[in-house]
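Right, one structure below, let's go through it.
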Amino acid sequence: MENGAQELSEDERDTGRADGSPEEPAAPPVAVAVTGLVKSYPARRARRGRAATEAVRATDRVDLSIRAGEVFGLLGPNGAGKSTLVRQLTGLLRPDTGRIEVLGHDLVRHPDRASRLLAYLGQESSALDELTVSLAIETTARLRGRDAEHARKETSAVMAELGLGSFADRALRRLSGGERRLACVGAALVGDRPLLVLDEPTTGMDPLARRSVWAAIDRRRREHGTTVLLVTHNVLEAEAVLDRVAVLDRGRVIACDTPGGLKAVVGDDVRLDLVWRSEPPLNIPEVAALREHAQRTGRRWTLRMPPEEARTAVAAVTGGAAFAALDDFTLATPSLEDVYLALGGRGEGLVRM
Amino acid sequence: MTTLSSRTAASPSEPTGVPGAPALGGRSASPAPAAAAGGRGGTGPEQPLAPRAKLWPSLGAVYRAQLSRARVARIPLLFVATFQSVGIMILMRGVVSGGLSEETGAVVAGASVLVVAFVGLNLLAQYFGALRASGGLDHYATLPVPPAAVVLGTAGAYASFTVPGVIVTAVTGCVLFQLPVTGLWVLAAVIPLSGAALAGLGALLGLLAPRPELATLCGQLGMSGALLLGVLPASSMPLALQWARDLLPSTYGVEAMIATFQPDPDWVNVLLNLAVSAAVGVVTLVLAAWAYRRAAVR
């Protein structure tokens, strides 16, 4: 794919300037532009075996602009509207109103063009489950318009790149969840699409597999300027791999920035997690005082506080009787989860792993 | 992110990240403010689209992929239908004596075409019903492949799964009921044409059914119809059942096969029955391709 990002040197890209002049920052061209996107589902009356559901706006006036060569994330808990949004971007779902433009093409008017511009990795693999890994990837390449020889070559290359060689002749449904997901990522990578839309691609994968996925994506970005739209509810992964992230809550984009920029929202506060062996020792005044401010989930207390206070709290819980009752503690700088909560999002459903 | 943990005893400034999720190189570091989320600007001139997958190569790819599923799902796809049909013929042998008659022809032809109905109609309806319900159709719908290639490739593979079962059933039936095997070459036309008609119907039902259980129910009912109205001679049925029999696509394959058991087959009748199967096949497959498009994009 031809685009500005491809022509930038590493240094230029790091500063975000194409010509090196400090006055004129030249952003890469926009690859995906979404404007005023709305998708509603009507209320449904209760029927036998199914509870009534209220009318819901799954996508609520969403505006997004994703630059070419960018790894752009959609972050939010389950039900935030991430998948509904990407299904509209991939032409699988018609929006009620709004505009979606991908690489110059209006996908609301021409949803059929989506398949010729992007590769989509959905959450389901049932179409491929009974195929062997190599046949699943090769068939996908054929259905993206590759001829037989090209599809075979590309399949071998992708399998080698992702370390799928040892599973080549095994059916997807006989693999573990992470291995199956890796095979599906392989199917998404064939066909050299300039835009990859990946819905939670690394779910269930071990660290080695994740690393190979991110290396493969990074190579495509460096060599071909591939743009990536990544759906995730894993805040740590989002922080590590995304250039920019749009935070979604109840179908709305509540913030959009670099992970670092978003974390500035919560200032210097740090997060202290305390896990008690059994009952917390509330007879200790310092512990009782912390309880007031803690968000409690079972035996886990989560506190957000300035670093000074956190240091004092750590000193209190790591000494004497309190330490004996403590199973584990973690002191961490703000994560996107903290940002999410600070922005008013519902915290449940985001994972840190 | 930095962490200090009682388990890892890492220093507060030691960076830790997601296992296996290293920071990607070459990122665009421009700090985009929240307002930059706005997509008011366009994406420039239209960039070239990747080519569509052509009908025949993609049909071949889908067919090959589906056919390979027999390795994983051998028992339901290849054996169950055959055991069922052979079992029915053994049962019927207890009440129908051997030798060429209207009854023996109907039993053998009906049981043979039942294999096609079981796999092509029943199992394919279940397959597409399950694929639609689980979101598996999204995979095909986001590939530039003609709907007809997916439907025809899959239906063709399901029709192919029936070949060994139909042959085994027909030969076993001819031996059990002392019928001539010389006319069985007609299976070369009956299997693909009845296969097209029944698999087309199965695909249509599976893709139209709003819930997978309904697809299963429709597939089972269609197969039961093919069983009851196929293995019994038409002349002994009440008029209403004869009409119902005429509505079943499997009937025409059965009739074509029955005709070839005769010492002097009525070839016009055979061709006519095969032509009806072919026409039903074309109509149901076209409708199934339409149903696929409707199911894939909501």
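Which one of A:ASP199, A:ASP269 is over 16 Å from A:PHE72 (Cβ atoms), in contact (Cβ under 8 Å) with a residue 60 or more places away in the chain and more than 9 Å from chain B (Cβ to nearest Cβ)?
One residue alone meets the criteria, A:ASP269.
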(request) Select from region A:151-200 the residues that are assigned to a loop (DSSP other than H, G, I, E, B) and of a type in the set (A, V, I, L, M, F, W, C) and write down the one among them that is nearest to the chain's Cα centre (by Cα). (result) A:VAL190
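Could you name every one of the helices (runs of 4 or more DSSP H) located completely within region A:201-286 that has at least 3 residues being under 23 Å from A:ALA187 (Cβ atoms) and either of a type in the set (D, E, K, R) or not assigned by TED's automatic domain parsing to the domain that holds A:ARG311 (or both)?
Details: elements: A:207-224, A:235-241, A:259-263.
Hits in region A:201-286: A:207-224.
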(request) Mind telling me which of the residues A:ALA325, A:ALA315, A:ALA255 ends up being loosely packed, with under 15 Cβ neighbours inside 10 Å and within 13 Å of chain B (Cβ to nearest Cβ)? (result) A:ALA315
(message) Scan region A:177-188 and tell me whether some residue there is loosely packed, with under 15 Cβ neighbours inside 10 Å and modelled with pLDDT under 95.
(response) yes
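Could you check region B:159-187 and list, in sequence order, the residues that are polar (S, T, N, Q), within 18 Å of B:GLY110 (Cβ to Cβ) and surrounded by fewer than 18 Cβ atoms within 10 Å (Cβ to Cβ)?
Let us first name the residues in region B:159-187 that are polar (S, T, N, Q), namely B:160, B:162, B:169, B:172, B:178, B:182.
Filter once more, so that each one left must be within 18 Å of B:GLY110 (Cβ to Cβ): B:162, B:169, B:172, B:178.
Across region B:159-187, the qualifying residue is only B:GLN178.
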(request) Identify all residues within region A:99-138 that are touching a Ser or Thr at 6+ places or on another chain (Cβ under 9 Å), of a type in the set (D, E, K, R) and at pLDDT below 95; write none if there are none. (result) A:GLU124, A:GLU130
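Here are A:LEU93, A:LEU64, A:LEU85, A:LEU74: which of them is touching a residue at least 12 places away in the same chain (Cβ under 8 Å), in a strand (DSSP E or B), within 21 Å of B:HIS139 (Cα to Cα) and assigned by TED's automatic domain parsing to the domain that holds A:ASP199? Give the steps one after another, and end with the answer.
On the way: A:LEU93 fails: in a strand (DSSP E or B); A:LEU64 fails: within 21 Å of B:HIS139 (Cα to Cα); A:LEU85 fails: in a strand (DSSP E or B).
Exactly one of A:LEU93, A:LEU64, A:LEU85, A:LEU74 is touching a residue at least 12 places away in the same chain (Cβ under 8 Å), in a strand (DSSP E or B), within 21 Å of B:HIS139 (Cα to Cα) and assigned by TED's automatic domain parsing to the domain that holds A:ASP199, namely A:LEU74.
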(request) Quick one: which residue in A:THR318, A:THR258 is touching a strand residue (DSSP E or B) at 6+ places or on another chain (Cβ under 9 Å) and touching a residue at least 12 places away in the same chain (Cβ under 8 Å)? (result) A:THR258
(message) Looking at region A:168-189 only, could you name the residues that are more than 8 Å from chain B (Cβ to nearest Cβ), without any contact (Cβ under 8 Å) to a residue 60 or more places away in the chain and closer than 23 Å to B:THR142 by Cα?
(response) A:LEU172, A:GLY177, A:GLY178, A:GLU179, A:ARG180, A:ARG181, A:LEU182, A:ALA183, A:GLY186
(message) Consider region A:133-150. How many of its residues are touching a helix residue (DSSP H, G or I) at 6+ places or on another chain (Cβ under 9 Å), more than 7 Å from chain B (Cβ to nearest Cβ) and surrounded by fewer than 23 Cβ atoms within 10 Å (Cβ to Cβ)?
(response) 4
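Quick check, is A:GLU161 buried (at least 22 other Cβ atoms within 10 Å of the Cβ) and of a type in the set (Asp, Glu)?
Numbers: buried (at least 22 other Cβ atoms within 10 Å of the Cβ): no; of a type in the set (Asp, Glu): yes.
So A:GLU161 fails the test.
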(request) Name every residue in region B:141-152 that is surrounded by 22 or more Cβ atoms within 10 Å (Cβ to Cβ) and within 10 Å of another protein chain (Cβ to nearest Cβ), in order of residue number. (result) B:ALA141, B:THR142, B:LEU143, B:VAL145, B:ALA149, B:VAL150
(request) Could you tell me whether region B:131-143 includes any residue that is touching a residue at least 60 places away in the same chain (Cβ under 8 Å), over 20 Å from B:CYS218 (Cα atoms), among the hydroxyl-bearing types (Ser, Thr, Tyr) and in contact with a Pro (Cβ under 8 Å, 6 or more places away or on another chain)? (result) no
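Just the residues that are buried (at least 19 other Cβ atoms within 10 Å of the Cβ) and within 25 Å of A:LEU143 (Cβ to Cβ), please, taken from region B:64-84. Full working, then the answer.
Going residue by residue through region B:64-84, those that are buried (at least 19 other Cβ atoms within 10 Å of the Cβ) are B:65-66, B:69, B:77, B:81-82.
B:ALA65, B:GLN66, B:ARG69, B:LEU77 - these are the residues of region B:64-84 that are buried (at least 19 other Cβ atoms within 10 Å of the Cβ) and within 25 Å of A:LEU143 (Cβ to Cβ).
Considering each of B:GLY156, B:GLY135, B:GLY129, B:GLY87 in turn, give the residue that is surrounded by fewer than 24 Cβ atoms within 10 Å (Cβ to Cβ), within 14 Å of chain A (Cβ to nearest Cβ) and either more than 30 Å from A:LEU117 (Cβ to Cβ) or out of contact with any Cys (no Cβ under 7 Å at 6 or more places or on another chain) (or both).
It is B:GLY135.
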(message) Can you tell me which of (1) within 19 Å of the chain's Cα centre (by Cα); (2) not in a helix (DSSP H, G or I) is the one B:LEU179 doesn't meet?
(response) (1)
(message) Taking the conditions exactly as written (farther than 30 Å from A:VAL86 by Cβ and part of a helix (DSSP H, G or I)), does A:ARG296 satisfy them or not?
(response) no
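Given region B:214-298, what helices (runs of 4 or more DSSP H) lie entirely inside it while holding 2 or more residues that are surrounded by 20 or more Cβ atoms within 10 Å (Cβ to Cβ) and of a type in the set (A, V, I, L, M)?
B:250-261, B:267-296
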(request) Provide a single number: the residues in region B:142-176 that are within 19 Å of the chain's Cα centre (by Cα) and within 30 Å of A:ALA188 (Cα to Cα). (result) 17
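Applying the selection to region A:123-150, what residues are basic (Lys, Arg) and in a helix (DSSP H, G or I)?
Taking region A:123-150 as the starting set, the residues that turn out to be basic (Lys, Arg) are A:142, A:144, A:146.
The one that is basic (Lys, Arg) and in a helix (DSSP H, G or I): A:ARG142.
Do we have A:PRO207 as crowded, with 22+ Cβ neighbours inside 10 Å and closer than 24 Å to A:ALA240 by Cα here? If you could, list the steps in order and put the result at the bottom.
Details: crowded, with 22+ Cβ neighbours inside 10 Å: no; closer than 24 Å to A:ALA240 by Cα: yes.
Against the criterion (crowded, with 22+ Cβ neighbours inside 10 Å and closer than 24 Å to A:ALA240 by Cα), A:PRO207 does not qualify.
The values are calculated or read from the model by the stated rules, or taken from the named source; none is laboratory data. A quick note: this is a predicted structure, and the numbers were derived from the prediction, not measured. Using ideal geometry, Cβ is built from the backbone for each residue, glycine included, and neighbour counts are taken over all protein chains shown.
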